[in-house]
1. Quick check on my filter: what residues within the stretch B:18-30 are over 13 Å from B:Gly429 (Cβ atoms), part of a loop (DSSP other than H, G, I, E, B) and open to solvent by 10 Å² or more (accessible area, probe 1.4 Å)?
2. Taking A:Ile271 as meeting all but one of (1) among the aliphatic types (A, V, I, L, M); (2) buried (at least 22 other Cβ atoms within 10 Å of the Cβ); (3) closer than 24 Å to A:Asn358 by Cβ, write down the number of the exception.
3. With B:Ile5, B:Ile56 as the choices, which residue is open to solvent by less than 30 Å² (accessible area, probe 1.4 Å), in contact (Cβ under 8 Å) with a residue 24 or more places away in the chain and β-branched (Val, Ile, Thr)?
4. For the stretch A:299-315, which residues satisfy the criterion of being within 24 Å of B:Gln199 (Cα to Cα) and without any contact (Cβ under 8 Å) to a residue 60 or more places away in the chain?
5. Quick one: which residue in A:Arg207, A:Arg223, A:Arg187 is under 28 Å from A:Ala438 (Cβ atoms), within 11 Å of chain B (Cβ to nearest Cβ) and basic (Lys, Arg)?
6. Considering only the stretch B:350-361, I want to know if a residue exists there that is in contact with an Asp or Glu (Cβ under 7 Å, 6 or more places away or on another chain) and assigned to a helix (DSSP H, G or I).
7. Restricting attention to the stretch A:409-422, does a residue exist that is open to solvent by less than 30 Å² (accessible area, probe 1.4 Å), more than 21 Å from the chain's Cα centre (by Cα), at pLDDT 95 or above and not acidic (Asp, Glu)?
2 protein chains.
Amino acid sequence: MSPVIDDSHDPALASWVESANAEGSDFPPQNLPFAVFRRAGSDEAWRGGVAIGEQIVDLGAAAQAGLFEGLAGEALALASGPTLNPLMAAGRGHWRALRQALSHALRRGAADRARLEPLLLPQAAAEYTLPARIGDYTDFYTSVHHATNVGRLFRPDHPLLPNYKWVPIGYHGRSSSIVVSGTGVRRPRGQVMPPDAEQPVLAASRRLDFELELGLFVGPGNRLGEPVSVTEAEAHLFGVCLLDDWSARDLQAWEYQPLGPFLAKNFATTISPWVVTLEALAPFRVGAARRPAGDPAPLPYLDSPALAEVGAVDLRLAVELQTPAMRARGEGGAVISRTSWRHAYWTMAQLVAHHSVNGCNLQPGDLLGTGTLSGPTPGEAGALIELSVGGKRPVALPGGEARTFLEDGDCVVLRGWCEAPGWRRIGLGECRGTVLPAGR
Amino acid sequence: MSPVIDDSHDPALASWVESANAEGSDFPPQNLPFAVFRRAGSDEAWRGGVAIGEQIVDLGAAAQAGLFEGLAGEALALASGPTLNPLMAAGRGHWRALRQALSHALRRGAADRARLEPLLLPQAAAEYTLPARIGDYTDFYTSVHHATNVGRLFRPDHPLLPNYKWVPIGYHGRSSSIVVSGTGVRRPRGQVMPPDAEQPVLAASRRLDFELELGLFVGPGNRLGEPVSVTEAEAHLFGVCLLDDWSARDLQAWEYQPLGPFLAKNFATTISPWVVTLEALAPFRVGAARRPAGDPAPLPYLDSPALAEVGAVDLRLAVELQTPAMRARGEGGAVISRTSWRHAYWTMAQLVAHHSVNGCNLQPGDLLGTGTLSGPTPGEAGALIELSVGGKRPVALPGGEARTFLEDGDCVVLRGWCEAPGWRRIGLGECRGTVLPAGR
């Protein structure tokens, strides 16, 4: 935990890519997030890219052109292929060198402009794939508000289990069904036990939900048997994306005991194409959420003085829901939830330290989900099951519509961004998925 | 589910590799299992190999030599690299062609002997790595006896949950920490809640256990959103290995609610190097375990007439435990459990059909664990927590020793084999791991 603020964060910094200087842009020159892209509809090779305003810097072409030298040049080469795993593996020295080099090359007046300008592609002309080959995907449960809200529905008598305030609860998710923003999400079929029924039936889920999460990409990682300490943990995190952990609540209720969620979740997980580095988030670091009086202090392997000061990030989050009727009326989605990552009970450093304390090895490109990031008030809930109180209170939408759970054709868009007085806005772009009807 | 028995299974078949004809051999010419190997201690490239008696057929060298033509030649090329994923992806046509070609080439009197003999390496001179790049590892819970035995310890009031006889319960495990037989297993540290304590402590596990399982490697697999039917399911399974799902019971008891096991399991999973194909197991197919009177019939998506006839395999299993004292006395391990896969409540076809019914995509090289394969009687339990009844009744060992859970230096060896009158024995080799002391 040592967020470095340098001239790459300077809010006065402007780019010769003019769209990056627009006030509301997610991708000013202070951001410089990574994705893997190609020209839409082409069969070009996938390669790394960096967002600047409405453009993408083609890192594959930049590497071929030998744009940078030294450490930055090495990092550029590592980011030029079809996955960002090599860059993620390289660690902070390379990440920072490439950030610095890109920041300088994209500034107004930069000598590199002439070499760089031909390497830009408009984002509107690009398509994306997953930014990394994700070996293992772990999902955590870091919002005590989510855990309490959902726990109350599944276990009214003991919503928050005794281990919650000691253990950063997590479980392993499915890697193969992680898809990039924009991919349709087919409503899953599965076993459900209807209320008062005597036996389950195979049916299309009727309680399909989203979950508002962030995903953290692992950097260098650790060898099997060698834990990462909480103070070293953030050096093993490359960056952050948006993550929608689609969930079929009716499947989940019937299957989750005793080994946890399985088919209720593993049919699809959507992530945003853009990965915002921890470096870009440095100005927005805040202290970890204060534990209420009476809560235990974290055990020493999960504790560090820096957590109280800069363990969290005030990363704002919003969920938009667009129904087919809204689309037909030419309307965008309605915002149904707003919150911030800063309310999480466990910080990203604690997740890494806990995950590896038993010797479990984290590998470059592994993905850690935060779990649903519900905030402390009802309007900050990150899933419909919370917003609709288990389907009992429909969420009102514009035009007289309402939702308890998702209907076919509904489009869910997650957005995330940082903003604070004196700094340029840093955005994560969007994470979008539309519900397709159940198959055969 | 269409086990084909052909001349490659003929018990009269003998090989010009004489060690393959020895009666107790795991690897007669009727078996032909696959591994990925190289010369021990070398920095040679990893490549596929097939076991025959005490030798390995080097498939990398065989492919270079152009040993086979047609489909068998294609399959050989797919098996010649550092993982068997390409062969697994190719499907039954290729698997059978390669099996037939190898069976013919290894028979006594085969014309290919002169070309093949230089391509053999003694197993004693080889080292192994994982047979596949395992994208996702799923662990199931297919033994109702294990579920009941363990459930009784964790939840005395309701050992077997209401969903068990309807849902083939499974969860996602950790891919990164899957290691090949022979790798040391470091005792994990983690949070445990001592009896009667008010707060948990970070400590080395004192209730370290093994779990006797089989692993199934996925073949071609399915696309996201396209379920595999129970009748087509076995065409998506390449073969079977031994699997030890090491478990820290004290970590598990404290962490597993509500999202399932995590650090209690993800520090290590050991598999045997050899993968025995479903083809090799064809003569040992038996009907799925009979459900006791009163148990529900599987839902239609999990049911097929063939299950009752040939859905299971009578694959015998044994666990050996060798303590440091036994090793010091020059003794091998003591057998502490014997059982058979045939007792499983859910068949392999049911696992594939269930896993994909929601559209979840299975990919070539994915691994499906059966869960602990405890049989119906106490001596058939596949884990120490069952054998010692939750640590209350130590398991007696030769020389006056006893164990409730594993101690440092203990070596656990899993073995599996098929045997039946009129057929050659088909073995899986061994899956071995020794407990190393906890680290810092």
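The values are calculated or read from the model by the stated rules, or taken from the named source; none is laboratory data. Computed from a predicted structure; not experimentally measured. With ideal geometry, Cβ positions are generated from the backbone for all residues, glycine too; neighbour counts draw on all protein chains shown. Calculation scope for accessible area: heavy atoms of the full protein, side chains included, ligands and nucleic acids excluded. Shrake-Rupley method; radii C 1.70, N 1.55, O 1.52, S 1.80 Å.
1. B:Ala22, B:Glu23
2. Against the list (1) among the aliphatic types (A, V, I, L, M); (2) buried (at least 22 other Cβ atoms within 10 Å of the Cβ); (3) closer than 24 Å to A:Asn358 by Cβ, A:Ile271 comes up short only on (3).
3. Going through B:Ile5, B:Ile56 in turn, just one is open to solvent by less than 30 Å² (accessible area, probe 1.4 Å), in contact (Cβ under 8 Å) with a residue 24 or more places away in the chain and β-branched (Val, Ile, Thr): B:Ile56.
4. Once the filter is applied, which keeps residues that are within 24 Å of B:Gln199 (Cα to Cα) and without any contact (Cβ under 8 Å) to a residue 60 or more places away in the chain, the stretch A:299-315 yields A:Pro300, A:Pro305, A:Ala308.
5. On inspection, the qualifying residue turns out to be A:Arg187.
6. Looking through the stretch B:350-361, none of the residues is in contact with an Asp or Glu (Cβ under 7 Å, 6 or more places away or on another chain) and assigned to a helix (DSSP H, G or I).
7. Yes - at least one qualifying residue is present in the stretch A:409-422.
Condition check ((1) modelled with pLDDT under 95; (2) polar (S, T, N, Q)) across all residues:
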| position | (1), (2) |
| --- | --- |
| A:Leu98 | no, no |
| A:Pro118 | no, no |
| A:Leu121 | no, no |
| A:Glu127 | no, no |
| A:Ser143 | no, yes |
| A:Phe154 | yes, no |
| A:Trp166 | no, no |
| A:Arg174 | no, no |
| A:Thr183 | no, yes |
